[in-house]
Amino acid sequence: MLIGILWMTMSGLQAQDFVYKPINPAFGGDTFNYNWLLSSAQEQNQHQNQSSLSDTDLDNFEENLNRQVLNLLSRELTGDLFGENGLENGLYSIGSFEIEVSSNTDGINVYVVNTSDGSETLVTVPYY
């Protein structure tokens, strides 16, 4: 009798197939998901478009000039550092950057502060 009840309850059970359907339309998903996926990705994007950072030609010129002056200064710093005369301590102001050069027992410290956004960095070049 127990076997009969078990048989009757088990005969009512049916199996169901599991089917995977992708969401992304690039992989065979529904094409109506495209706009939702694109807007979701744009919301999560933390990178800024480089063209939106500087809008005018004058801003581009100022950034280019700052880069050239900083490149020249870095070449001078490394040339003086490894040359015979050495590097002079002091505070240099170039565009929106303030650069402080000081020497101590560990080496030469170059402390750079960007006054426009407050970012700063310290580079220590050891003596050899």
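Nothing in this text is a laboratory measurement; each read-out follows from the coordinates by a stated rule. Keep in mind the model is a prediction, meaning the values are calculated, not measured. In this analysis, Cβ positions are derived from the backbone assuming ideal geometry, glycine residues included, and neighbour counts consider all displayed protein chains.
Say R0 is 35 Å: what FRET efficiency, to the nearest 0.05, do Q68 and T124 get from their beta-carbon distance?
So the FRET efficiency works out to roughly 0.90.
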Whose amide H sits under 5 Å from the amide H of I108, counting only residues 5 or more places off or on another chain, with H placed in the peptide plane? V125, Y127
Would you pull out the residues with amide H under 5 Å of F97's amide H, same chain only if 5 or more places away, H placed 1.01 Å from N? T115
For G29, residues with placed amide H under 5 Å, excluding near neighbours: N24
Karplus couplings for the stretch 36-45 from phi (6.51 cos²θ - 1.76 cosθ + 1.60, θ = phi - 60°), rounded to Hz, Gly and Pro as x? 5, 5, 5, 5, 5, 5, 5, 5, 8, 5
Can you run phi through the Karplus equation (6.51, -1.76, 1.60; θ = phi - 60°) for the stretch 100-111 and list ³J(HN,Hα) in whole Hz, with x for Gly and Pro? 10, 10, 9, 10, 9, 5, 7, x, 9, 9, 10, 10
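How high is the FRET efficiency between Q16 and S39 when r is their beta carbon distance and R₀ equals 35 Å, given to the nearest 0.05?
Details: r = 34 Å, r/R0 = 0.96.
Using R0 = 35 Å, I get an efficiency of 0.55.
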